[in-house]
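Below you'll find the structure, written out as structure tokens, and then a few comments.
Readers should treat all values here as calculations from the given coordinates under stated rules, not as data from a laboratory. Everything quoted here is computed from the prediction, not taken from an experiment.
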Amino acid sequence: MAEKSDKNEFNVAGKFYVDSQCIGCALCASTADGLFAMSDEGCAYVCKQPADDAETALCTEAMESCPVQAIGDDGE
């Protein structure tokens with residue numbers, strides 16, 4: 001499970017985040033293109049928080065699909 005206190009530095013502020021457990025598989029970036037991206041260091045991050053229900057659903061799908069549970073939803 002993702003740890004809010006362990007968010008990586010690249011995330012934009014908001015509800016969804018990626019923490020340091022990320023293994024760089026890029027599944028989230030392919031699932032929710034435009035909402036997740038890959039850093040030069042090889043880890044994923046939230047580059048845009050969802051603006052509507054469809055984007056929220058994509059972020060939730062990415063979170064549920066993450067093989068190492070590195071994506072979190074802090075509810076804020």
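The table below lists the values:
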{"read-out": "12 Å Cα-Cα reach of residue 48 towards aspartates and glutamates, excluding residues that sit fewer than 8 places from it in its own chain", "value": "33"}
{"read-out": "Value of [θ]222 nm, deg cm²/dmol, for the chain, DSSP H segments ≥ 4, -39500 (n - 2.57) each, nearest 500", "value": "-6500 deg cm²/dmol"}
{"read-out": "For the chain, the spread of Cα positions along each principal axis, largest first, Å", "value": "29, 24, 20"}
